[in-house]
Amino acid sequence: MRVGILGSGLMGGKLGTIFARAGHEVVFSYARSMEKLKKLARGIDGKVHGARAGTPSEAAQEADALLLAVHWSRIDDVLNQAGDLSGKVVVTCSLPMNDENTELVVAHTSSGAEELARRLPNARVVSAFNTVPSEVLFGVYEGKRKATRPSLVYCGDDEGSKAVVAELIRDVGFDPLDVGPLRIARYTEPFALLVAELAYEGEGGPELAYRFEWFRK
Ligand SMILES: NC(=O)c1ccc[n+]([C@@H]2O[C@H](COP(=O)([O-])OP(=O)(O)OC[C@H]3O[C@@H](n4cnc5c(N)ncnc54)[C@H](OP(=O)(O)O)[C@@H]3O)[C@@H](O)[C@H]2O)c1
């Protein structure tokens, strides 16, 4: 697939690198310097293939999927630069946080993902990757062939775009867990905030791990 990265920081940089290693054609965009984007595209020890640096509009061009990974305060700016995203699969890990990253500014009756879908009525928005700290991503990818893989939840209203995102989740090394329509992000986003708080303020630090289990009859 051709995957555009809108926001090439901790999440976008790492996920984009993994997508490229998994064989996708990746365009890194939206950082404060083009040099950083070029460095990401070159990869560590030149290991990344099929990646290049570009503008958000170049990342969006012909993209099969776009990863939106920016601070909530940067959403309007990056979307304005990306241009028309009609029909595009937009997978968001961006959390609707305040400037201090201490609280969600949208919750309970809506979610960042739903606000984004309202902002992009013709795009196909899926929420994923927000429930994991970026620190675990390379480890999960490297352990990809292990018998037990961690689950990663995703939700959205469009089955076709969810299938695309499930493939990307699998490529990173997780078992994709479809938790339903986009409004379920009202519950996964506060969960993501809990994970971040525990990871960075709790005793366990970023080693924190969690898993989901199905309790079937
Ligand atoms: N980090 C995590 O573990 C984690 C986990 C779950 C969800 N999330 C969510 O994912 C989203 C991205 O988080 P992140 O940690 O990846 O953030 P980040 O590292 O700050 O990345 C954001 C990107 O936006 C770029 N940017 C910021 N201001 C800009 C500007 N004025 N012009 C151009 N580019 C600009 C940054 O550029 P530079 O690279 O030059 O700084 C960076 O590449 C957030 O909504 C966060 O809540 C993060």
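See the values below:
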{"read-out": "Cα-based radius of gyration of the stretch 94-161 once divided by 2.2 N^0.38 Å, which approximates compact folds", "value": "1.35"}
{"read-out": "Sparse-neighbour loop sites [trypsin sites (Lys or Arg not before Pro); the stretch 1-55; at most 10 other C-beta within 10 Å; DSSP]", "value": "R32, K47"}
{"read-out": "The stretch 45-170: Rg to Rh, with Rh as the Kirkwood radius over Cα pairs", "value": "0.96"}
{"read-out": "Kirkwood Rh and Cα Rg combined as Rg over Rh, evaluated for the stretch 17-63", "value": "0.95"}
{"read-out": "Accessible area, probe 1.4 Å, largest first, for residues M34, M11, M1", "value": "M34, M1, M11"}
{"read-out": "Rg/Rh ratio calculated on Cα atoms of the chain (Kirkwood radius)", "value": "0.94"}
{"read-out": "Segment A147-Q81, length gained on full extension (0.36 nm per residue, minus Cα span)", "value": "19.6 nm"}
{"read-out": "Length added when fully stretched, D64-L10, from 0.36 nm per residue minus Cα-Cα", "value": "17.2 nm"}
{"read-out": "Å² of accessible area per residue within the stretch 155-195, as computed with a 1.4 Å probe and no ligands counted", "value": "39"}
{"read-out": "Efficiency of FRET from Cβ geometry, V105 and Y200, R₀ 22 Å, rounded to 0.05", "value": "0.70"}
{"read-out": "Loop chymotrypsin sites (Phe, Trp or Tyr not before Pro), the stretch 81-152 (other Cβ atoms within 10 Å of the site Cβ: 10 or fewer; DSSP)", "value": "none"}
{"read-out": "P(r), alpha carbons of the stretch 35-91 - 10 Å bins starting at zero, rounded %", "value": "21, 48, 28, 3"}
{"read-out": "R0 of 22 Å, Cβ-Cβ distance S57-E159: FRET efficiency to nearest 0.05", "value": "0.20"}
{"read-out": "Options L120, A22, G12, ranked by Cα towards positive dipole end of the chain, top entry (Cβ charges)", "value": "A22"}
{"read-out": "In the chain, lysine pairs with alpha-carbon atoms under 26 angstrom apart (chain gap of 8 or more, or interchain)", "value": "19"}
{"read-out": "Separation between Cα centres of the stretch 150-186 and the stretch 33-81, rounded to whole Å", "value": "21"}
{"read-out": "DSSP-defined antiparallel bridges as percent of all bridges, the chain, nearest 5", "value": "15"}
{"read-out": "Unit charges on C-beta of K, R, D, E only; dipole of the chain, Debye", "value": "720"}
{"read-out": "Exposure of Y187 as accessible area (Å², to 10), given a probe of 1.4 Å and all protein chains", "value": "140"}
{"read-out": "Whole-number percent relative contact order across the chain, with pairs defined as alpha carbons under 8 Å at least 6 apart", "value": "17"}
{"read-out": "Mean Cα-pair separation over length for the stretch 41-159, i.e. relative contact order, pairs under 8 Å, 6 or more apart, %", "value": "20"}
{"read-out": "Carbon plus sulfur fraction of accessible area for the chain, probe 1.4 Å, in percent", "value": "50"}
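The values are calculated or read from the model by the stated rules, or taken from the named source; none is laboratory data. Computed from a predicted model, the values in this text were never measured in an experiment. Reconstructed Cβ throughout: ideal geometry from the backbone, glycine too, with neighbour counts over all protein chains shown. Quick note on the areas: whole protein, heavy atoms, side chains included, nothing else; ligands and nucleic acids left out. Shrake-Rupley method; radii C 1.70, N 1.55, O 1.52, S 1.80 Å.
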